[in-house]
Amino acid sequence: MSQKTLTEGTQSGVTEAQPASSSKRWWILAIVAVAQLMVVLDATIVNIALPSAQKDLGFSDGNRQWIVTAYALAFASLLLLGGRIADLFGRKTAFLIGVVGFAGASALGGAANSFGMLVTARALQGVAGALLAPAALSLLNTTFTDARERARAFSVYGAIAGAGGAVGLLLGGVLTDAFDWRWTLYVNVAIAFVAFAGGWVLLSNHRDAAGSKLDVPGTVLVAGGLFSLVYGFSNAETHDWSSPQTWGFLIVGVVLLAAFVWWQNRAEHPLLPLRILLDRNRGASFLAVLITGAGMFGVFLFLTYYLQLNLGFSPTKTGVAFLPMIGALMVMAQVGTTVLVPRLGPKVVIPLGFAIAMVGMAWLTGIGVGSSYATHVLPQLIVIGAGLGMVMPPAMQLATGGVAAEDAGVASATVNAMQQVGGSIGTALLNTLAASAATDYLAGKDATSKLVQAQATIESYTTAFWWSAGFFAAGTLIALGLYRRGVPQQDADAAPVVHM
């Protein structure tokens with residue numbers, strides 16, 4: 001290493017360290033994976049428990065969505081701030097505080113005796129998750145610098161990020177059936193204990209951006225922009241698209257985010273250095289994660305309704321029904337990141353993954369009132385899982401690869417923000433389109449007939465599936481257009497130090 005490199009490293013707060021043993025790196029991966037699983041599954045684990053919680057606490061159907069939305073709002077709007085805090089004050093500190101905060105908020109939610117208390121707990125979970133998730137991903141990014149090991153680590157991490165929602169449905173169903181809805185929140189305390197103990201022992205604190213300062217104006221602009229955007233789309237579920245509470249917040253969100261981009265070009269210590277976004281492969285990967293988050297809810301949300309309400313599955317059986325999708329996703333996550341991308345490059349693999357997921361989603365629109373799981377759901381889930389496994393892990397790896405160590409936290413936060421914003425937009429948009437499709441089907445028909453009502457729900461589900469297939473089709477074209485040809489080369493200078 002040259003004297004110049006050593007000097008620059010010292011000035012930026014980076015200290016050299018010898019790589020720890022391979023076994024320690026894989027233990028760190030295990031701890032990071034546990035923490036990420038806790039954050040991701042909480043986006044869906046409460047969904048199956050909502051009917052029980054609603055009956056217990058007595059809140060209305062109109063208020064029910066805020067149990068889910070409160071988490072997404074806090075999480076999405078504060079992620080970039082959480083990522084920068086991890087860079088400024090140390091990833092171990094951010095990781096451990098995030099784990100403790102998540103456990104405390106989960107315990108509060110499990111003990112909730114009112115709707116307001118439960119919503120508050122969910123929002124606090126989102127705040128803690130916004131600190132924990134980028135710290136976890138940036139730890140992975142700076143721990144694994146060898147190209148082969150890094151691909152394998154991100155295949156595991158990406159599989160968890162992609163399948164965590166389905167795991168949440170399974171675990172939520174089991175806990176609700178076996179114990180009580182409150183255990184869908186209490187379970188996080190046990191998971192957090194494992195993550196905290198492992199993080200305390202294995203990690204050491206390191207501040208790659210110690211010489212920088214927090215960009216307060218940028219923080220306010222991006223938090224307000226993301227909050228307004230997610231809130232506006234969430235309002236579309238309970239208000240018409242013509243309502244000021246929908247389009248008004250969407251316009252405010254776009255304006256604030258535009259102002260944020262303008263400010264980042266002028267800030268001395270930008271919250272999100274635009275150099276992170278301008279790389280073609282990285283920008284394409286951010287969009288791929290956004291689209292995947294939006295489209296995946298077409299599987300998890302509406303297929304959950306179909307399995308329980310139309311096929312009569314219990315919450316536990318519904319969760320088990322998603323396991324083949326998880327298996328296919330995890331297998332293809334390994335194959336995609338360790339075999340296909342290193343040989344063919346992302347311009348081939350990621351569009352192909354989107355196209356496969358699109359075919360599976362379009363195939364799923366063939367469900368009917370008398371359909372069976374084995375013939376009309378299972379094969380489609382396997383195809384969708386295989387396609388998403390070729391998209392999510394490679395996209396996450398490319399989105400955070402090649403960034404300077406001092407930007408690892410905020411790059412990781414941007415990935416998580418894309419997934420959360422995509423999921424929130426997808427939920428709101430698909431719910432609205434599905435409800436409209438059901439209403440249109442019932443027009444001029446006998447709405448009191450159970451058969452007509454059942455067919456109307458099928459129409460709403462298949463509409464959502466078609467739109468999700470459309471999202472994946474758009475992802476195919478965007479990935480084809482934006483990704484560079486060839487196999488991406490690891491930048492040896494991007495992360496020169498292994499931090500533990």
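The values are calculated or read from the model by the stated rules, or taken from the named source; none is laboratory data. Please read these numbers as outputs of a predicted model, since none were measured by experiment. Don't worry about glycine lacking a Cβ; one is built from the backbone with ideal geometry, like all the others, and counts go over all protein chains shown. Only protein heavy atoms, including side chains, enter the accessible area calculation; ligands, DNA and RNA are left aside. Shrake-Rupley method; radii C 1.70, N 1.55, O 1.52, S 1.80 Å.
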With the 1.4 Å probe rolled over protein heavy atoms, segment 276-381 has an accessible area per residue in Å² of 35
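What is the sum of charges, Lys and Arg at +1 and Asp and Glu at -1, for the other residues whose Cβ falls under 10 Å from the Cβ of Phe144?
Net charge in that neighbourhood comes out at +2.
Considering only protein heavy atoms and a 1.4 Å probe, what is the carbon-and-sulfur percentage of the accessible area of segment 398-456? Write out the running numbers ahead of the final one.
On the way: 1250 of 2060 Å².
Carbon with sulfur: 61 percent of the solvent-accessible area.
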Sorted by accessible surface (1.4 Å probe, heavy atoms of the protein chains only), largest first, Ser106, Ser314 come out as Ser314, Ser106
Rounded to the nearest 10 Å², the accessible area of Val220 using a 1.4 Å probe with every protein chain kept is 100
Quick calc: nm separation of the 7 Å Cα→Cβ label points for Ala30 and Arg275 -> 3.7
One finds the C-alpha centres of segment 229-263 and segment 86-139 to be spaced, in Å, by 25
Note: Val261 to Ser436 extended length (0.36 nm per residue) minus current alpha-carbon separation gives 59.5 nm
Counting only protein heavy atoms and leaving out ligands, DNA and RNA, the solvent-accessible surface of Tyr231 at a 1.4 Å probe, in Å² to the nearest 10, equals 50
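Might you tell me the accessible area per residue for segment 420-467, computed with a 1.4 Å probe and given in Å²?
On a per-residue basis, 46 Å².
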Regression test value, accessible area per residue of segment 96-156, probe 1.4 Å, units Å², expected 27
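Leaving out ligands, DNA and RNA, and with a 1.4 Å probe, what % of the accessible surface on segment 83-132 is carbon or sulfur?
That fraction is 79 percent.
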So the number of lysine pairs in the chain with alpha-carbon atoms under 26 angstrom apart, 8 or more residues apart or on different chains, is 6
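With the full set of protein chains in place, find how many percent of the accessible area of segment 228-304 is carbon and sulfur; take the probe as 1.4 Å.
C and S atoms contribute 69 percent here.
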Which of [x] 22.3; [y] 27.7; [z] 31.3 is the computed mean projected area of the Cα convex hull in nm²? It is [x]
Length gained, Ala190-Tyr373, 0.36 nm per residue minus C-alpha separation, equals 62.5 nm
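R0 = 60 Å: FRET efficiency of Asp56 with Val339, Cβ-based, nearest 0.05?
Computed FRET efficiency for Asp56 and Val339 comes out at 0.80.
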Output ordering of 316-325, 463-472, 413-422 (per-residue mean of other Cβ within 10 Å, highest first) is 413-422, 463-472, 316-325
To the nearest 20 debye, the chain has a Cα-centred charge dipole, built from +1 on Lys and Arg Cβ and -1 on Asp and Glu Cβ, of 680
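Could you calculate the FRET efficiency of Ser242 with Ala178 from 1/(1 + (r/R0)^6), where r is the beta carbon distance between them and R0 is 30 Å, rounded to 0.05?
Calculated transfer efficiency: 0.10.
Give me the net charge for the shell around Ala153: Cβ to Cβ below 15 angstrom, other residues only, Lys and Arg +1, Asp and Glu -1.
Once positives and negatives cancel, what remains is +3.
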Residues other than Val348 with Cβ under 12 Å of its Cβ, Lys/Arg counted +1 and Asp/Glu -1, net out at +4
Taking a crude spin-label model, label points 7 Å out from Cα along the C-beta direction, the Leu451 to Ala474 distance in nm is 3.8
Summing -39500 (n - 2.57) over every DSSP H run of at least 4 residues in the chain and dividing by its residue count gives a helix-only mean residue ellipticity at 222 nm, to the nearest 500 deg cm²/dmol, of -25500 deg cm²/dmol
